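Participant: My structure is below; once you've seen it, I'll send some questions.
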Amino acid sequence: KTALGLDPAFGLDPMTGDDARVTGPIGAIWYLVFILPMFLFTPDTAPTQKVDGAVRQGLSELKSTWGELRERAGLLRFYIGRMFYQDGVNALITFGGTFAVGMFGWVTLEIGIFGILLNLVAIPSCIAAGFIDSKIGSRAMIIGSILCLIFATLGIVSTTPESTLFGLVELDSADLGGLFATEAEKAYLFFGAFIGLAFGPIQASSRSYLGQSVLPSDAGRFFGLYSLIGRATSFLAPFTVATVTLWTGSAAAGMSTLLAFFLLGLAFMLTVPKPVQPGGHTAPFRKAAPITS
């Protein structure tokens, strides 16, 4: 039966894994439908050169951009710090539900609801973060989000079926029935809400910081490098969590390694200056006038 007590649609049989495999076609249809407006209505520019020439130009610009970045120590530290804390964010979102499966025996429905709750918290937090960012600055917003994620991670790894915060708070392990039936599961949801509070703002403010740190004419190059560095190192946190979990036999120990990624990211961000464009100009991103170096 489905969560609503109905027979599965199209004769799908959960006992043979149909419920998991059907997510692939559903995802494909979702992408197809919602990407069609872009394909059909978004104008494109005519190509100015052949693919091989574009590749050579891209590699040349990548090399020159990296050279410029090495001369801007503050921006380079931001790139490195963002590499660490973003890896931690991605792994925390990925493994948060998996950790709860081992701890509480959650099934697909509970993992799905956990993910939905994180996004429900993230929506208003992102809206609020936009206003807060404009008041206190992107750097402060990123640091605050990292601290929030550190608290969330500490809370998650310290929660057991009988206690949380490393035994400081005892919890009733009685199962009251229904979803998230124990006090420990409710505590887990509480700490998970802090992930929802932070993971959207930290990504938005990171892009805001970079946008305020480069000239509009250079944004494509520097945002391309920003994306490349994030993708190139995205395996580090999941690999670390999996390896430590395997070595120690403890999922909590594996998840605890994410604290190192957040602390490294925090350490770099504490040394990063306020956004400064080439030539020493500082201007709010939304109000920036054309600037020449």
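The values are calculated or read from the model by the stated rules, or taken from the named source; none is laboratory data. Keep in mind it's a predicted model, so treat the numbers as computed, not measured. With ideal geometry, Cβ positions are generated from the backbone for all residues, glycine too; neighbour counts draw on all protein chains shown. In case anyone asks, the SASA skips ligands and DNA or RNA and just uses the protein heavy atoms, side chains included. Shrake-Rupley method; radii C 1.70, N 1.55, O 1.52, S 1.80 Å.
Participant: Just need a number here: residues in the stretch 135-193 that are in contact with a Gly (Cβ under 9 Å, 6 or more places away or on another chain) and at positive phi.
Facilitator: The number of residues fulfilling the criteria is 1.
Participant: Those residues that are of a type in the set (A, V, I, L, M, F, W, C) and open to solvent by less than 70 Å² (accessible area, probe 1.4 Å), I need them from the stretch 63-92; list them, please.
Facilitator: Leu69, Ala73, Leu75, Leu76, Phe78, Ile80, Met83, Phe84, Val89, Ala91, Leu92
Participant: Another question, then. For Gly155, are the conditions met, namely being more than 27 Å from Ala73 (Cβ to Cβ) and buried (at least 16 other Cβ atoms within 10 Å of the Cβ)? Steps first, please.
Facilitator: Values: more than 27 Å from Ala73 (Cβ to Cβ): yes; buried (at least 16 other Cβ atoms within 10 Å of the Cβ): yes.
Yes.
Participant: Turning to a different aspect of this structure: Could you tell me whether any residue of the stretch 28-43 is loosely packed, with under 10 Cβ neighbours inside 10 Å, out of contact with any His (no Cβ under 9 Å at 6 or more places or on another chain), closer than 26 Å to Gly178 by Cβ and among the aliphatic types (A, V, I, L, M)?
Facilitator: Among the residues of the stretch 28-43, not one is loosely packed, with under 10 Cβ neighbours inside 10 Å, out of contact with any His (no Cβ under 9 Å at 6 or more places or on another chain), closer than 26 Å to Gly178 by Cβ and among the aliphatic types (A, V, I, L, M), which makes the answer no.
Participant: Yes or no: the stretch 267-276 includes at least one residue that is more than 30 Å from Ala100 (Cβ to Cβ), part of a helix (DSSP H, G or I) and at pLDDT below 85.
Facilitator: no
Participant: Moving on. In the list Gly230, Gly265, Gly254, which residue meets the criterion of being in contact with a Gly (Cβ under 6 Å, 6 or more places away or on another chain) and either of a type in the set (Asp, Glu) or closer than 19 Å to Phe84 by Cα (or both)?
Facilitator: Only one candidate qualifies: Gly265.
Participant: Count, please, the residues in the stretch 160-201 that happen to be touching an Asp or Glu at 6+ places or on another chain (Cβ under 9 Å) and assigned to a loop (DSSP other than H, G, I, E, B).
Facilitator: 11
Participant: Just the residues that are among the small types (Gly, Ala, Ser) and either open to solvent by 50 Å² or more (accessible area, probe 1.4 Å) or more than 14 Å from Phe114 (Cα to Cα) (or both), please, taken from the stretch 185-200.
Facilitator: The answer is Ala198, Gly200.
Participant: I've got another one for you. Mind counting the residues in the stretch 207-236 that are in a helix (DSSP H, G or I) and either among the basic types (Lys, Arg) or touching a Pro at 6+ places or on another chain (Cβ under 7 Å) (or both)?
Facilitator: Of the stretch 207-236, the ones in a helix (DSSP H, G or I) are 207-213, 216-232, 236.
Narrowing further to those that are either among the basic types (Lys, Arg) or touching a Pro at 6+ places or on another chain (Cβ under 7 Å) (or both): 207, 209, 212-213, 221, 231.
Result for the stretch 207-236: 6.
Participant: A follow-up question, please. If the Cβ limit is 7 Å and pairs must be 6+ apart or interchain, which residue in the stretch 98-121 that is over 16 Å from Phe190 (Cα atoms) and open to solvent by 50 Å² or more (accessible area, probe 1.4 Å) pairs with which residue that is at pLDDT 85 or above and assigned to a helix (DSSP H, G or I)?
Facilitator: Val101/Ile111; Gly102/Ala251
Participant: Being surrounded by 21 or more Cβ atoms within 10 Å (Cβ to Cβ) and either of a type outside the set (Phe, Trp, Tyr) or without any contact (Cβ under 8 Å) to a residue 40 or more places away in the chain (or both) is the filter here; which residues of the stretch 204-217 pass it? Steps first, answer last, please.
Facilitator: So the first thing to find is which residues in the stretch 204-217 are surrounded by 21 or more Cβ atoms within 10 Å (Cβ to Cβ), and the list is 205-206, 208-210, 212-214.
Those that are surrounded by 21 or more Cβ atoms within 10 Å (Cβ to Cβ) and either of a type outside the set (Phe, Trp, Tyr) or without any contact (Cβ under 8 Å) to a residue 40 or more places away in the chain (or both): Ser205, Ser206, Ser208, Leu210, Gln212, Ser213, Val214.
Participant: Just to verify a result, which residue in the stretch 129-150, among those that are over 16 Å from the mean Cα position of the chain (by Cα) and not charged (D, E, K, R), is most open to solvent (accessible area, probe 1.4 Å)?
Facilitator: Phe131
Participant: Looking only at the stretch 138-148, decide whether some residue is among the hydroxyl-bearing types (Ser, Thr, Tyr) and either part of a strand (DSSP E or B) or closer than 21 Å to Ala251 by Cα (or both).
Facilitator: no
Participant: Further question on the same structure: Anything in the stretch 135-182 that is in contact with a Lys or Arg (Cβ under 9 Å, 6 or more places away or on another chain) and among the aromatic types (Phe, Trp, Tyr)? List them, or say none.
Facilitator: Answer for the stretch 135-182, where residues must be in contact with a Lys or Arg (Cβ under 9 Å, 6 or more places away or on another chain) and among the aromatic types (Phe, Trp, Tyr): just Phe180.
Participant: Among the residues of the stretch 1-27, which ones are among the charged types (D, E, K, R) and either open to solvent by 100 Å² or more (accessible area, probe 1.4 Å) or under 33 Å from the mean Cα position of the chain (by Cα) (or both)?
Facilitator: Lys1, Asp7, Asp18, Asp19, Arg21, listed by residue number.
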